[in-house]
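Q: Shown below is the structure under consideration.
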Amino acid sequence: MQLETTPLSGVLLIKPRVFGDHRGFFYESFNQRVFQEQTGVDTPFVQDNHSRSSRGVLRGLHYQIRQPQGKLVRVVRGAVLDVVLDIRRTSPTFGQWFSSVLSETNRQQVWIPPGFAHGFSVLEDGTEFLYKTTDYWAAEHERCILWNDPALGIDWQLQGNPILSEKDQRGTPFAAADVFEQHDLPSMKAAP
């Protein structure tokens with residue numbers, strides 16, 4: 001796999017090595033040892049999630065203020081604009097966001113450590129989004145930052161109004177959102 005840094009410290013764009021021929025393709029979507037060696041992150045993944053969405057759906061910006069989750073995200077069918085927002089109060093990029101297109105064609109992944117809010121807008125019908133998490137889902141700790149907060153100015157690359165859940169419609173403006181202090185975040189131990 002090939003790693004690319006992003007403007008947000010700790011967030012990585014991952015490009016797998018794909019082997020293809022007239023029969024199709026093969027690639028290793030995750031290997032714990034290689035992930036640790038190349039990223040320096042030594043943490044277990046405890047939960048895998050899979051969502052399917054129609055074009056125009058927007059999910060986010062989600063995070064858990066307790067039991068914060070690191071996420072390794074990818075698309076296996078269709079395409080999304082994936083958005084990551086830095087909500088670590090002491091970070092030099094606090095309040096800044098990064099986006100990238102993840103698709104079944106480019107097969108790229110994004111590693112999002114704890115301390116970030118995450119969301120995506122769906123660019124194609126029938127898009128399937130997969131992600132591994134470093135901690136379990138905990139409804140009582142889940143938070144949502146308002147996707148269209150003008151203070152953030154996120155370009156979701158929408159064509160019309162998005163399709164939103166009730167939770168995402170009621171998101172909290174960034175200025176009033178719970179954010180992470182350094183002591184709130186688990187250590188992502190460096191690999192030996």
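What follows is calculated from the coordinates using simple rules that are stated; it is not laboratory data. The structure presented is a predicted model; accordingly, all values stated were derived computationally and were not measured. Positions of Cβ are backbone-derived with ideal geometry, glycine not excepted, and every protein chain shown enters the neighbour counts.
Q: Show me, for region 61-68, the HN-Hα J-couplings you get by feeding each phi into the Karplus relation (A = 6.51, B = -1.76, C = 1.60, θ = phi - 60°), rounded to Hz, glycine and proline as x.
A: In residue order, the calculated couplings are 9, 10, 6, 10, 6, 10, 6, x Hz.
Q: Test of understanding: extend the Cα→C-beta vector of residue 187 to 7 Å, then name every residue of region 31-75 with backbone N under 15 Å from that spot.
A: Within reach of a label on residue 187, which here means backbone N under 15 Å from a point 7 Å along Cα→Cβ, region 31-75 contributes 41-44.
Q: Hey, what's the Cα Rg ratio for region 6-57 versus the globular rule of thumb, 2.2 N^0.38 Å? Walk me through the numbers on the way to the answer.
A: Values: Rg = 15.0 Å, N = 52, 2.2 N^0.38 = 9.9 Å.
Computed over Cα atoms of region 6-57, the ratio equals 1.52.
Q: Take the Cα pairs of region 72-179, get the Kirkwood Rh, then feed it into Stokes-Einstein at 4 °C and 1.567 mPa s and tell me D in µm²/s. Each step should come with its number before you reach the end.
A: Numbers: Rh = 14.8 Å.
For these conditions, the coefficient is 88 µm²/s.
Q: Expressed in nm to one decimal, what extension gain is obtained for the pair residue 50 and residue 125 from 0.36 nm per residue of sequence separation less their Cα-Cα distance? Don't skip to the answer; put the middle values down first.
A: Numbers: separation 75, 0.36 × 75 = 27.00 nm, distance 1.53 nm.
Length gained between residue 50 and residue 125: 25.5 nm.
Q: So what is the relative contact order for region 43-184, in percent, with contacts set as C-alpha pairs under 8 Å and at least six apart?
A: The value is 39 percent.
Q: Taking GluC sites (Glu not before Pro) as exposed when DSSP calls them loop (any state but H, G, I, E, B) and at most 16 other Cβ atoms lie within 10 Å, what is the longest stretch of the chain free of them, the sites themselves excluded? Walk me through the numbers before you get to the answer.
A: Details: sites that count: 28, 104, 124, 181.
Result, exposed sites excluded: 29-103.
Q: Which FRET efficiency value, to the nearest 0.05, do you get for residue 169 and residue 65 by plugging their Cβ-Cβ distance into 1/(1 + (r/R0)^6) with R0 = 30 Å?
A: Working: r = 20 Å, r/R0 = 0.66.
Rounded to the nearest 0.05, the efficiency is 0.90.
Q: Looking at region 52-114, which trypsin sites (Lys or Arg not before Pro) are DSSP coil and have at most 12 other C-beta atoms within 10 Å of their C-beta? Display every interim value, and only then the final one.
A: Values: sites: 52, 55, 59, 66, 71, 74, 77, 88, 89, 107; in loops: 55, 66, 89, 107.
Sites meeting the loop and neighbour criteria: 66.
Q: Indicate the gyration tensor shape class of region 52-98 (rounded, prolate or oblate), computed on the Cα atoms with a ≥ b ≥ c the square roots of the eigenvalues: a/c under 1.5 is rounded; otherwise a/b larger than b/c is prolate and the rest oblate. Please report the intermediate quantities before stating the final value.
A: Numbers: a/c = 2.38, a/b = 1.86, b/c = 1.28.
Prolate is the answer for region 52-98, as a/c is 1.5 or above and a/b outweighs b/c.
Q: Determine which aspartates and glutamates satisfy two conditions relative to residue 167: a Cα distance under 19 Å, and not lying fewer than 8 residues away in the same chain.
A: Candidates past the 8-residue exclusion: 82, 140, 142, 149, 178.
Q: Hey, another quick one. Take the chain, connect every pair of alpha-carbon atoms lying under 10 Å apart with a spring to form a Gaussian network, then pick out the residue of 41, 73, 11 with the largest mean-square fluctuation.
A: Looking only at 41, 73, 11, the biggest GNM fluctuation is shown by 41.
Q: Which length gain, in nm to one decimal place, applies between residue 105 and residue 136 when the Cα-Cα distance is subtracted from 0.36 nm times their residue separation? Numbers along the way, then the final one.
A: On the way: separation 31, 0.36 × 31 = 11.16 nm, distance 2.93 nm.
The span from residue 105 to residue 136 would gain 8.2 nm if fully extended.
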